[in-house]
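The values are calculated or read from the model by the stated rules, or taken from the named source; none is laboratory data. This one's a predicted model, so the numbers in the text were calculated from it and none came from an experiment. Positions of Cβ are backbone-derived with ideal geometry, glycine not excepted, and every protein chain shown enters the neighbour counts. SASA here: full protein model, heavy atoms, side chains in, ligands and nucleic acids out. Shrake-Rupley method; radii C 1.70, N 1.55, O 1.52, S 1.80 Å.
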Amino acid sequence: MSTVLDNPPTISKPAVAAEAIRAQTDGFHLVIDALKLNGIDTIFGLPGIPITDLTRLAQAEGMRVISFRHEQNAGNAAAAAGFLTQKPGICLTVSAPGFLNGLTALANATVNCFPMILISGSSEREIVDLQQGDYEEMDQLNAAKPFCKAAFRILHAQDIGIGIARAIRTALSGRPGGVYLDLPAKLFSQTMDAVAGRESLIKVIDPAPRQLPAPDTVQRALQVLEGAKRPLILLGKGAAYAQADDEIRALVEKTGIPYLPMSMAKGLLPDTHEQSAAAARSYVLAEADVVLLVGARLNWLLSHGKGKTWGGPDAQKLAKKFIQIDISPTEIDSNVPIAAPLIGDIGSCVSALLAGIGSGWKKPPAEWTGAIAERKDKNLSKMAAMLTQDVSPMNFHGALGAIRDVVRQRPDAIVVNEGANTLDFARSIVDMYEPRKRLDCGTWGIMGIGMGFAVAAAVTTGKPVIAIEGDSAFGFSGMEVETICRYDLPVCVVIFNNNGVYKGTDANPTGGKDPAPTVFVKNSRYDLLMEAFGGKGVVATTPDELKRALQEAVASGRPTLINAVIDETAGTESGRITSLNPQKAAINK
Ligand code: ADP
Ligand code: TPW
């Protein structure tokens, strides 16, 4: 427990006898102590009035304070740290504009079910509420509410313990998500008796309590699974978050059921596992008769559980049945009827299924697993030929083939991935071998997570990070290469430089001087950006150059940026979601 006396003010003469001073604490120290008491040791943020001293004191008190160049990146780092550690990631910002910059990340964390707390300083409530024009005036509490699980404000130093406890419990319990915590400037300088202050803090007991599924729901799920002729297990990022890695692996292997990982669930079992159906994705989604969803929502990423992807417009008539494990009961039936909901935490639900399965489980028919294996083999050998293409400028396959080889050599490395084509191709080409090693644009398909996620991955794990970035995607958070250099993080950014958003080939239809809206400066030297801050910059024009530069970067652990020159005609508009583009759809009609 620290007190203001740990950082003693200048004591005026005549000197006051030490014993006569009743130790006091203040809002600054109480916030730091409350976080530390709950095992939170890192703050991602950006200093300024009124939280500058909070960042200084947090560092002085032994916390890791990672200071960013833009709050959205600090917020994304907090979200990724939350996903990786099961502790709410903390993002600390100044009022109004700083808060708003962080809010996108808070909303994104909530949408992705990552636990995070956005803590923002705020201006004088009396002035804000009367709209009298304070410095950085804004009603932040109400602005935050629609974008997170809950928003709280602390007005009194003695409530800091309660406020932080409520924020932590809300972020972590049930479906994890974002919480906003509003700390008015005046709170920080409030003082109180140090002993009373210490006693006011709360160590949150069991913030994410296990939630056991009801036994009858387990039986129902097992019955549905037993009746399957063509079963499939679908693992989502909820399964990765839950850290029930052994149980999930046991469920897959004991049942012998083929499985499909969503992008951030890759590596829960190694992508090279013989039961992985990833290389036969379209086939298994269309043909499976029973699908067990583990921490995955039937949202747009899974075509809402219906339509062509799932076997045609008559999917319902095909009597496809879903079993869904989720902590959130209202997720059930959100898109299609769920035959067997299993509500609880993934660890408990999967353990209950395993207990019910016992040892005499009948493996799925060989007809089903054989048909999958056949398609897999065909697709994998087709892919293998594409991955070894050695053309210059590179295409996506050639470049990703090189990265795939390096990740195979360093399965402990964390891959961060964003872009359109760069995301879609990397997701299917770069195999992952360990749980929670892949972080990407997630549920929103948001651009801008790259450098924030990369910093968080490096800071929380100390492992090498490989950020595979479209050139457009990188631009959203690119200034954080300075942050990566400043903290000397083992991050290698690989930019797939094809001169624009999606591709680099568009022309201005009027023939005017302005470039087309999707086009960037041709042949940009992103590598020099990294060199500007003391990191290493490399230009790679062939898969071999890329592979060697990446191997070197990972081995050195030094900040590196590889400018991978990609053919500007490669890829497609919007990657794999061209169908969602209204203009294109209209033209194609
Ligand atoms: P993906 O995008 O990989 O398909 P989603 O983000 O759509 O995954 O789904 C994750 C789901 O996992 C959410 O519905 C969330 O409620 C659920 N979830 C998160 N953590 C847990 C947990 N510990 N136990 C059970 N369900 C969880
Ligand atoms: C916050 C829209 C989706 S993908 C993308 C944009 C701008 C960039 C695609 O180009 P990139 O990738 O990164 O060069 P590639 O591999 O195809 O060459 N603003 C936000 N989020 C999204 N998703 C967009 C805009 C978008």
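Structure notes:
- Taken over the stretch 185-206, the criterion of being in contact (Cβ under 8 Å) with a residue 60 or more places away in the chain and either in contact with a helix residue (DSSP H, G or I) (Cβ under 6 Å, 6 or more places away or on another chain) or under 22 Å from residue 109 (Cα atoms) (or both) is satisfied by 187, 188, 190, 192, 197, 200, 201, 202, 203, 204.
- So residue 149, is it surrounded by fewer than 18 Cβ atoms within 10 Å (Cβ to Cβ) and among the basic types (Lys, Arg): no
- Taken over the stretch 414-425, residues that are within 16 Å of the chain's Cα centre (by Cα), near ligand 2 (Cβ under 9 Å from one of its atoms) and not in a loop (DSSP other than H, G, I, E, B) amount to 2.
- Counting only residues that are touching a Leu at 6+ places or on another chain (Cβ under 8 Å) and either within 16 Å of ligand 2 (Cβ to nearest atom) or at pLDDT 95 or above (or both), the stretch 387-407 holds 10 of them.
- Taking every residue in the stretch 278-303 that is more than 16 Å from ligand 2 (Cβ to nearest atom) and open to solvent by less than 10 Å² (accessible area, probe 1.4 Å) and pairing it with any residue that is at pLDDT 95 or above and charged (D, E, K, R), at least 6 positions away or on another chain, the pairs with Cβ-Cβ distances below 6 Å are 280/375; 280/376; 288/230; 290/321.
- Qualifying residue in the stretch 231-241 (condition: surrounded by fewer than 19 Cβ atoms within 10 Å (Cβ to Cβ), in contact (Cβ under 8 Å) with a residue 24 or more places away in the chain and more than 16 Å from ligand 2 (Cβ to nearest atom)): no
- Set 186, 145: member being more than 32 Å from the chain's Cα centre (by Cα) and farther than 23 Å from residue 41 by Cα: 186
- Some residue of the stretch 529-538 being open to solvent by less than 30 Å² (accessible area, probe 1.4 Å), assigned to a loop (DSSP other than H, G, I, E, B) and either away from ligand 2 (no atom under 16 Å from the Cβ) or modelled with pLDDT under 95 (or both): yes
- Just one of the numbered conditions (1) within 16 Å of ligand 2 (Cβ to nearest atom); (2) in contact (Cβ under 8 Å) with a residue 24 or more places away in the chain is not true of residue 519: (2).
- Pick from the stretch 357-407, criterion part of a helix (DSSP H, G or I) and of a type in the set (Lys, Arg), ranking: least open to solvent (accessible area, probe 1.4 Å): 376
- Residue within the stretch 205-212 that is modelled with pLDDT of 95 or more, farther than 30 Å from residue 51 by Cβ, within 16 Å of ligand 1 (Cβ to nearest atom) and crowded, with 17+ Cβ neighbours inside 10 Å present: no
- Qualifying residue in the stretch 313-321 (condition: in contact (Cβ under 8 Å) with a residue 12 or more places away in the chain, within 13 Å of ligand 1 (Cβ to nearest atom) and either outside any helix (DSSP H, G or I) or touching an Asp or Glu at 6+ places or on another chain (Cβ under 9 Å) (or both)): no
- Contact annotation: residue pairs with Cβ atoms under 6 Å, 6 or more positions apart or on different chains, pairing a residue in the stretch 152-171 that is in contact (Cβ under 8 Å) with a residue 40 or more places away in the chain with a partner that is open to solvent by 10 Å² or more (accessible area, probe 1.4 Å) and in a helix (DSSP H, G or I), are 158/200; 161/200.
- Assessment of the stretch 470-481 against the conditions (among the charged types (D, E, K, R), surrounded by 22 or more Cβ atoms within 10 Å (Cβ to Cβ) and not in a loop (DSSP other than H, G, I, E, B)) yields at least one matching residue.
- Some residue of the stretch 134-152 being farther than 26 Å from residue 104 by Cβ and either of a type in the set (A, V, I, L, M, F, W, C) or in contact with a strand residue (DSSP E or B) (Cβ under 8 Å, 6 or more places away or on another chain) (or both): no
- Residue in the stretch 436-450 that is part of a helix (DSSP H, G or I) and away from ligand 1 (no atom under 16 Å from the Cβ) present: yes
- Condition check for residue 410: open to solvent by 40 Å² or more (accessible area, probe 1.4 Å), of a type in the set (D, E, K, R) and within 16 Å of ligand 2 (Cβ to nearest atom): no
- Qualifying residue in the stretch 342-349 (condition: part of a helix (DSSP H, G or I), in contact (Cβ under 8 Å) with a residue 40 or more places away in the chain and open to solvent by 30 Å² or more (accessible area, probe 1.4 Å)): no
- Members of the stretch 106-118 found to be more than 17 Å from residue 142 (Cβ to Cβ) and open to solvent by less than 10 Å² (accessible area, probe 1.4 Å), listed by number: 108, 109, 112, 114, 115, 116, 117
- Hey, residue 136 acidic (Asp, Glu), outside any strand (DSSP E or B) and touching a residue at least 12 places away in the same chain (Cβ under 8 Å) or not: yes
- Pair list, Cβ < 7 Å and 6+ apart or interchain, from the stretch 49-63 residues that are of a type outside the set (A, V, I, L, M, F, W, C) to residues that are in a loop (DSSP other than H, G, I, E, B) and surrounded by 14 or more Cβ atoms within 10 Å (Cβ to Cβ): 55/47; 61/2
- Close pairs from the stretch 558-569: first over 22 Å from residue 479 (Cβ atoms), partner within 15 Å of ligand 2 (Cβ to nearest atom) and hydroxyl-bearing (Ser, Thr, Tyr), Cβ under 9 Å, at least 6 apart: 566/422; 568/505; 569/505
- Checked across the stretch 545-561, the condition of being within 16 Å of ligand 2 (Cβ to nearest atom), touching a helix residue (DSSP H, G or I) at 6+ places or on another chain (Cβ under 7 Å) and either closer than 23 Å to residue 420 by Cβ or open to solvent by less than 30 Å² (accessible area, probe 1.4 Å) (or both) holds for at least one residue.
- Selection status of residue 546, in a helix (DSSP H, G or I) and either under 27 Å from residue 409 (Cα atoms) or modelled with pLDDT under 95 (or both): yes
- Within the stretch 69-105, tally of residues that are part of a loop (DSSP other than H, G, I, E, B) and either open to solvent by less than 10 Å² (accessible area, probe 1.4 Å) or within 17 Å of residue 182 (Cα to Cα) (or both): 3
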